[in-house]
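Participant: Below are the structure tokens for one structure; questions will follow.
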Amino acid sequence: RDLHSTSRRQRQMCIRDRTQTRLDTILTYTQENYQRPITLKEAADVVSLQPEYFCRFFRQNMETTYLEYLNSYRLSRIYRDLIATDLPVGTLAEKHGFTNDKLFHRLFRERFHTTPLQLRKAAREKGS
């Protein structure tokens, strides 16, 4: 019985390690490539999973979908650049991987409860 529980524990640790390695791999890949379109198939291929299983795997382990994570990461980078630069909003959206202006503005408002220009203005007023 002890041998069985030890091998079971080892298998569980192995699965956890493989899961963590896959998560680290896809998160790093996303951070290095978020500025361009990334399909679910491409993301799944990075960690050698079928797209359907990848979606389930990512959601189970990250508690969000891959596309929600990708867009959230993009928004966080845009937020930083809105405050740190004077680049136009459209340029920032494009630079950080948004190809659909309407989608960008909707997601930005949902996340930050304001528009990009209002956020920039408020940050500048707070900083001066």
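The values are calculated or read from the model by the stated rules, or taken from the named source; none is laboratory data. Values in this document were obtained by computation on a predicted structure and should not be read as measured data. No Cβ is skipped: glycine too gets one built from the backbone with ideal geometry, and neighbour counts run over all protein chains shown. For the accessible areas, the whole protein counts, side chains as well, though only heavy atoms, and no ligand, DNA or RNA atoms are used. Shrake-Rupley method; radii C 1.70, N 1.55, O 1.52, S 1.80 Å.
Participant: Cross-link partners among aspartates and glutamates for K102, C-alpha distance below 13 Å, same-chain residues fewer than 8 apart left out?
Facilitator: E94, E110
Participant: May I ask for the Rg/Rh ratio of the range 65-128, computed from Cα atoms with Rh as the Kirkwood radius, given to two decimals?
Facilitator: Values: Rg = 11.3 Å, Rh = 11.8 Å.
Answer for the range 65-128: 0.96.
Participant: Over the chain, what is the relative contact order in percent, taking alpha-carbon pairs closer than 8 angstrom and at least six residues apart? Write out the running numbers ahead of the final one.
Facilitator: Values: 77 pairs, mean separation 25.4, N = 128.
That works out to 20 percent.
Participant: Can you pull out the GluC sites (Glu not before Pro) in the range 38-128 that DSSP calls coil and that have at most 15 other Cβ atoms within 10 Å?
Facilitator: Numbers: sites: E42, E52, E63, E68, E94, E110, E125; in loops: E63.
Here the sparse-neighbourhood loop sites are E63.
Participant: How high is the relative contact order of the range 62-128? Use alpha-carbon pairs under 8 Å, at least six apart in sequence, and give a whole percent. Write out the running numbers ahead of the final one.
Facilitator: On the way: 33 pairs, mean separation 18.7, N = 67.
So the answer I get is 28 percent.
Participant: Provide, as a two-decimal number, the C-alpha radius of gyration of the range 17-70 over 2.2 N^0.38 Å, N being how many residues it has. Kindly include the intermediate steps, with their values, before the conclusion.
Facilitator: Numbers: Rg = 9.9 Å, N = 54, 2.2 N^0.38 = 10.0 Å.
It is 0.99.
Participant: Could you give the accessible area per residue of the chain, probe 1.4 Å, as a whole number in Å²? Before the final figure, lay out each step's value.
Facilitator: Working: 8800 Å² over 128 residues.
Solvent-accessible surface per residue comes out at 69 Å².
Participant: Among T85, L49, N61, whose Cα projects farthest towards the positive end of the dipole of the chain, with charges put on the beta-carbon of Lys, Arg (+1) and Asp, Glu (-1)?
Facilitator: Among T85, L49, N61, the one farthest towards the positive end of the dipole of the chain is N61.
Participant: I've got another one for you. Among Y79, Y69, what's the order by accessible area (1.4 angstrom probe), most exposed first? Can you show the working numbers first?
Facilitator: Values: Y79 85, Y69 40 Å².
From most accessible down to least: Y79, Y69.
Participant: What 222 nm value per residue comes from the helices of the chain, counting each DSSP H run with n ≥ 4 as -39,500 (n - 2.57) and dividing by all residues, nearest 500 deg cm²/dmol?
Facilitator: Working: 7 runs with 101 residues, N = 128.
So the calculated ellipticity at 222 nm is -25500 deg cm²/dmol.
Participant: Quick one: grab the alpha carbon gyration tensor of the chain, order the square roots of its eigenvalues as a ≥ b ≥ c, and give me rounded if a/c is under 1.5, else prolate or oblate depending on whether a/b is larger than b/c. Numbers along the way, then the final one.
Facilitator: On the way: a/c = 3.28, a/b = 2.36, b/c = 1.39.
Taking the square roots of the gyration eigenvalues as a ≥ b ≥ c, the chain is prolate.
Participant: For the chain, what % of the accessible area comes from carbon and sulfur atoms, probe 1.4 Å?
Facilitator: On the way: 4530 of 8800 Å².
Using a 1.4 Å probe with all protein chains present, the chain comes out at 51 percent carbon and sulfur.
Participant: Checking the cross-link filter: which aspartates and glutamates have an alpha carbon closer than 20 Å to that of K41, excluding same-chain neighbours under 8 positions apart?
Facilitator: Partners found: D24, E32, E52, E63, E68.
Participant: Hey, another quick one. What does the charge dipole of the chain about its Cα centre add up to, to the nearest 20 debye, if the Cβ of each Lys and Arg holds +1 and the Cβ of each Asp and Glu holds -1? Walk me through the intermediate numbers first.
Facilitator: Details: 23 positive and 15 negative charges, 72 e Å.
My answer is approximately 340 debye.
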